[in-house]
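A quick write-up on the structure given underneath.
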Amino acid sequence: MSYQEVSFEKRIKENIKNYAIKNLYAMDRLEEYLRALADAYGMEILLTGRHGEKVLEIGDFAGFEPDVEAEPGEKLRVADRTVAHVYVKYDRVQEEKRESAGKMLEASLHLLASLGNEVYMHRESATYIDELEVKLGTGSRQRKCGETEDILTGVYNKNYIESRMQVLERSETIPVAVINVNINDWKFVYDNFGVEKSDSLIQLIASILKKEAKDEYMIGRIDGDVFLVLIPMAEDGEAEDYCKRVQDACLAYDEDEALAPSVATGIVYKTNVEEHLEDKISDAEYEMFNHKLEIKNAPGYQERLRRGLK
């Protein structure tokens, strides 16, 4: 069965498993909301992905390792699937406020679930319609530049690179290198230098990704500070060499002291036509998180990041 022959109802039920929480929410806004909630009641909040990987920590959770199987905490569910777990400490909440704090948290989870469902349905509907247009021989050939590009960076927007993924799936192209690129400490720049500088950082990373890429590379911005790079028919070591060039270019940048460009990358390969690129994107994101920890703990990283504060 081809991907396009899957009914809309079935894909809505199944595709949610390929969405990470960062694909459903603007994480900077989500952090602002949860931090305000925590401050209002004195709660400490830990947000994890569906598999227990820590995503957002408000308070002290040092030494706490989430076990989403045995102790899942509060579940955030979208399209009837758990996309995140929320762990809350009430130790600092005043006794008379604990009941209202619990009710507010419950209401917040309902709100977030509703918002996540809206985003999910919108994205899946858009992709489904796009596929129908392609099947009818229209759509992508008639797209104008502004409908394919991310306005801020000029790389592909999320909807369009997802449509290119479907073309790769249908053509059974292998191997395909899948690279998740996440800007390190974009929020630091936003908090300390403002929206103009933080947008400049995103644009700078996009320009580096484009400059170091070959013509056949597909580069898209899939979240605020996240890019996806697809390399069809990737040769051995090609993706790794590309990521190294990107890292070197970031480290060599010295034109603006407020900007210390740095990215974490996760690389995986689709080597079998039975594999799905959506699953590989999730795997690449996992590898990216491991790389991010390595980079942010490296000697000299914090000094370079904060050089613009001097």
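The values are calculated or read from the model by the stated rules, or taken from the named source; none is laboratory data. On a predicted model such as this, the values are computed, not experimentally measured, just so you know. FYI the Cβ positions are ideal-geometry reconstructions off the backbone, even for glycines, and counts take in every protein chain you see. The area values use the complete protein model at the heavy-atom level, side chains included, leaving out ligands, DNA and RNA. Shrake-Rupley method; radii C 1.70, N 1.55, O 1.52, S 1.80 Å.
General observations
- On full extension, the segment bounded by ASP215 and GLU172 gains 13.5 nm, given 0.36 nm per residue less the C-alpha separation.
- Based on alpha-carbon atoms, the Kirkwood radius and the radius of gyration of the stretch 5-78 give Rg/Rh equal to 1.05.
- Tensor-based shape of the stretch 44-116 (alpha-carbon gyration tensor, a/c under 1.5 rounded, otherwise prolate or oblate): oblate
- Value of relative contact order over the stretch 211-310, rounded to a whole percent, pairs C-alpha under 8 Å and six or more apart: 20
- Using Cβ point charges alone (K and R +1, D and E -1), the dipole size of the stretch 167-293 about the Cα centre works out to roughly 160 debye.
- Apolar share of the accessible surface for the chain: 49 percent from carbon plus sulfur atoms, 1.4 Å probe.
- Unit charges at the beta carbon, dipole of the chain: most positive-side option, VAL246, PRO261, THR148: THR148
- Cα point-scatterer Debye curve for the stretch 197-310, base-10 log of I(q)/I(0) at q = 0.15, 0.16 Å⁻¹: -0.71, -0.80
- Along the axis of the charge dipole computed for the stretch 182-286 (Cβ charges of +1 for Lys and Arg, -1 for Asp and Glu, origin at the Cα centre), the listed residues LEU204, VAL226, ASN272 are led at the positive end by LEU204.
- Scoring 66-75, 181-190 by mean Cβ neighbours within 10 Å over their residues and listing the highest first yields 181-190, 66-75.
- When the Gaussian network model of the chain links Cα atoms closer than 10 Å, the mean-square fluctuations of ASN272, ASN157, ASN18 top out at ASN272.
- GNM remark for the chain: springs join alpha carbons under 10 Å apart, and the peak mean-square fluctuation among HIS276, HIS122, HIS291 falls on HIS122.
- Segments 28-37, 280-289, 56-65 sorted - mean Cβ within 10 Å per residue, highest first: 280-289, 28-37, 56-65
- One equal scatterer on each Cα of the chain, no solvent, Debye formula: the resulting log10 I(q)/I(0) at q = 0.08, 0.11, 0.13 Å⁻¹ is -0.40, -0.76, -1.05.
- Convex hull volume per residue, computed on the Cα atoms of the stretch 145-255, equals 102 Å³.
- Å² per residue, accessible surface of the stretch 180-257 at 1.4 Å: 47
- Contact order for the stretch 1-119, expressed relative to its length and based on alpha carbon pairs under 8 Å spaced 6+ residues apart, stands at 26 percent.
- Taking one quarter of the surface of the C-alpha convex hull of the stretch 145-185 gives a mean projected area of 3.8 nm².
- Once C-alpha pairs closer than 8 Å and six or more residues apart are averaged by separation and normalised to the residue number of the chain, the relative contact order reads 16 percent.
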